Amino acid sequence: MSAKSTPRNQPRKVFIKTYGCQMNVYDSDRMVDALGADGYVETKVMDDADLVLLNTCHIREKASEKVFSELGRIRDFRDERGAGAKKMLIGVAGCVAQAEGEEIMARAPAVDLVIGPQSYHRLPDLVSRAHNERVIDTEFPEEDKFAHLPAPKREVTIARGLTAFLTVQEGCDKFCSFCVVPYTRGAEVSRPVAQVLNEARGLAGAGVREVTLLGQNVNAYHGLDDKGRPVGLGALCHMLAEIEGLERIRYTTSHPRDMDDELIAAHRDLPQLMPYLHLPIQSGSDGILKAMNRRHTARQYLDLIDRIRAARPDIALSGDFIVGFPGETDADFADTLAIVEKVGYASAYSFKYSIRPGTPGAEMDNQVDEAVKTERLAALQAAITHKQQAFNAGCVGLTLPVLMEKPGRMPGQVAGRSPYLQPVHVMADAALIGQIVPVNITAQGKNSLSGTIVTADRLAV
Ligand code: SAH
Ligand code: SF4
Ligand code: F3S
C-alpha cells in the first residue's frame, strides 16, 4: 500500500447535526472551519464520521429533550459499527451543552466531549484531548473566540452558496421572563467593525451576494470601530453596502426597543438593505408583555411599525409569538390576534409557552393548561397563514428583483429569493444563477411564488 492511501493520511471526517436558530447554523460552519484547519472535512452522512457533533438548542423543552434521544441513537449506531471499525467520537455543542453540560456528562456516558458556544475556537484541542479522556468546556473565556476562529477556505465558502450568515452580535441582556438565551449565550457582545467587514469581504470575494447579519439581539449591535467608537447596526449596514459584490443585506433577530432612528433611516436610504424585518412582539396584551419583561406596550410596537413603514412603505414584517404564557386570558389572547390583524405579517412563527427551568416564568403559579395552549396556537397559526397568503397574493402581478440561487426541483427551473424572503420558482437558464433578475410574479403557492423573467420592465422594488 502506498503511503498516500494509508488511513492516517485520509482526512478525518466530521458530521454535524444542527438544531435551533440561524446562529447555530452559522456556528456549525465555523466549527467545520476550525476543524478544517486541523485536517477534518465535513461529511453529510454519519456512517463514515470520525467525529459526530450535535449543535443543540435549549429554547423549548422539546428541543432539549431531543438531544438525549438523539444521543441514544448515535450511541447505538456506534455500537453497531463495532469495535473493528474506526473510532468515532461523540460531542455535544450549543445551548444545551452550555446549560446542561454536567447533566449530559452524567446522563450520557457515550458522550466524549461537551463544548459551549463560547469555546468553539478551542474545538481542535478539545477533540484531541477527547481521544484520551472525557472533556467538558462550558466556560465563558476571556479571549474573543472570533479572533481565533479561522476563516473558511475560499472553495468552502463557494460550496456553501450565494447567501451566507454572519454573526455580528451574541448574547442578550434583555432577560425576557420566558427565555433561556441570556443564560445559555451570556451577556451581549458585539464583534468589532473591522472583523465584521473583513469577514463580509471574504464572503463577497467568494461570490456571496446576500448576507444575513445575525445576533440574538442584532439591532443592539454596537461594535467598536478602529478609533474605539461604537457603531450601530444602521451605520454598519452603510459600511457593508460599500463592499463590492455584496448586493443584499438582511439582519435578524431584532428587539423593538433597539430599533433606533439610524437603522430605520437605513431602510429608507440603502437599496441593499432588504425590505424585510423580523420584529417579534410575542404577545399583543400589555399585561402579558409586562409579565414577559418585554418593556414596551402593544401601542409602542404599532407606532414603531408606522415609523418603519414611513421610511420603507413596502417593508415585509415577520414576528414571533408565544401563546399560553402564565396568566394569559382569553382577552389577552384576543389582543394577540388583533396585533396579527393590524400588522399584517408576511410571515410569523408561533410557539406554545414552554417552562424553562431557571427563568422567572417557571416560577409563576398561573400556568395555562396545555389544551388551552393547543387551541390558541391553532387559532393564531390560522390567522398568520391568512395574512401570509394575503401578502403573497399582493405580490402577484408585481415585478420583483429575484436572486437566482440554485437549480429548482423541476428540470429547467431555478429557485430564487425575492426581497421579501419568499422562495420564487422561475423557468430559467441555470447560467443566471448568481444574478439578480427581474421576475414578473404570476402565481403564489402555499409558501412560495412563481413567475417569469422579464427583460425590459420597471422593477417594483
Ligand atoms: N432574540 C429573539 C428571540 C430568540 S428565541 C427575540 O428577542 O425576539 C426565538 C423565539 O423563541 C422567541 O422570539 C420566542 O417567540 C420563542 N421562545 C423563547 N423562549 C420560549 C419559551 N420558553 N417558550 C416558547 N417559546 C419561546
Ligand atoms: Fe430571549 Fe428576550 Fe433576549 Fe430575545 S430579547 S433572546 S426573547 S431574552
Ligand atoms: Fe436555541 Fe440557543 Fe438559538 S437556545 S434558539 S440555539 S441561541
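Yes or no: ALA220 within 16 Å of ligand 2 (Cβ to nearest atom), of a type in the set (Gly, Ala, Ser) and open to solvent by 10 Å² or more (accessible area, probe 1.4 Å)? Lay out the reasoning, then the answer.
Numbers: within 16 Å of ligand 2 (Cβ to nearest atom): yes; of a type in the set (Gly, Ala, Ser): yes; open to solvent by 10 Å² or more (accessible area, probe 1.4 Å): yes.
So ALA220 passes the test.
Being surrounded by fewer than 20 Cβ atoms within 10 Å (Cβ to Cβ) and modelled with pLDDT of 95 or more is a property that ALA430 lacks. Condition check for LEU214 on (1) in contact with a strand residue (DSSP E or B) (Cβ under 9 Å, 6 or more places away or on another chain); (2) away from ligand 3 (no atom under 16 Å from the Cβ): one failure, at (2). Checked against the criterion of being over 15 Å from TYR251 (Cα atoms) and either more than 14 Å from ligand 1 (Cβ to nearest atom) or not assigned by TED's automatic domain parsing to the domain that holds ALA99 (or both), the candidates ALA220, ALA194, ALA235 yield just one match: ALA194.
Here ARG201, ARG185 are screened, and the one residue that is within 16 Å of ligand 2 (Cβ to nearest atom) and either closer than 20 Å to THR163 by Cα or not acidic (Asp, Glu) (or both) is ARG185. Looking at PRO419, is it farther than 20 Å from ALA346 by Cα and modelled with pLDDT of 95 or more? It is false that PRO419 is farther than 20 Å from ALA346 by Cα and modelled with pLDDT of 95 or more. Look at region 339-357: where a residue is within 27 Å of GLY394 (Cβ to Cβ) and a partner is part of a loop (DSSP other than H, G, I, E, B) and β-branched (Val, Ile, Thr), sitting 6+ places away or on another chain with Cβ atoms under 8 Å, you get ILE339/ILE281. Filter region 79-127 for residues that are aliphatic (A, V, I, L, M) and within 16 Å of ligand 3 (Cβ to nearest atom); which is most open to solvent (accessible area, probe 1.4 Å)? For region 79-127, the residue satisfying everything is ALA99.
Only residues that are assigned to a helix (DSSP H, G or I) and open to solvent by 20 Å² or more (accessible area, probe 1.4 Å) were counted across region 233-267, and they come to 8. Of the strands (runs of 3 or more DSSP E) lying entirely inside region 314-427, those containing at least 2 residues that are away from ligand 2 (no atom under 16 Å from the Cβ) and buried (at least 19 other Cβ atoms within 10 Å of the Cβ) span 316-323, 399-407, 413-417, 423-427.
Quick check: anything in region 81-102 at positive phi, assigned to a loop (DSSP other than H, G, I, E, B) and either free of Cβ contacts under 8 Å to residues at least 40 places away in the same chain or among the polar types (S, T, N, Q) (or both)?
Step one: of region 81-102, the residues at positive phi are 82, 94.
Those still in the list that are assigned to a loop (DSSP other than H, G, I, E, B) too: 82.
Pick out the ones that are also either free of Cβ contacts under 8 Å to residues at least 40 places away in the same chain or among the polar types (S, T, N, Q) (or both) and you get 82.
Checking region 81-102: at least one residue is at positive phi, assigned to a loop (DSSP other than H, G, I, E, B) and either free of Cβ contacts under 8 Å to residues at least 40 places away in the same chain or among the polar types (S, T, N, Q) (or both).
Please indicate, with yes or no, whether at least one residue in region 34-55 is open to solvent by 60 Å² or more (accessible area, probe 1.4 Å), under 21 Å from ALA159 (Cα atoms) and basic (Lys, Arg). Looking for residues that are open to solvent by 60 Å² or more (accessible area, probe 1.4 Å), under 21 Å from ALA159 (Cα atoms) and basic (Lys, Arg), one finds at least one in region 34-55, hence yes.
Among the residues of region 178-196, those that are within 30 Å of ALA362 (Cα to Cα) and either open to solvent by 30 Å² or more (accessible area, probe 1.4 Å) or assigned to a helix (DSSP H, G or I) (or both) comprise VAL181, PRO182, TYR183, THR184, ALA187, GLU188, VAL189.
The values are calculated or read from the model by the stated rules, or taken from the named source; none is laboratory data. Here the structure is a predicted model, which is why all the values come from computation and not from measurement. Please note: Cβ atoms are built from the backbone with ideal geometry, for glycine as well, and neighbour counts cover all protein chains shown. Remember, those area values only see protein heavy atoms, side chains included, never the ligands or the DNA or RNA. Shrake-Rupley method; radii C 1.70, N 1.55, O 1.52, S 1.80 Å.
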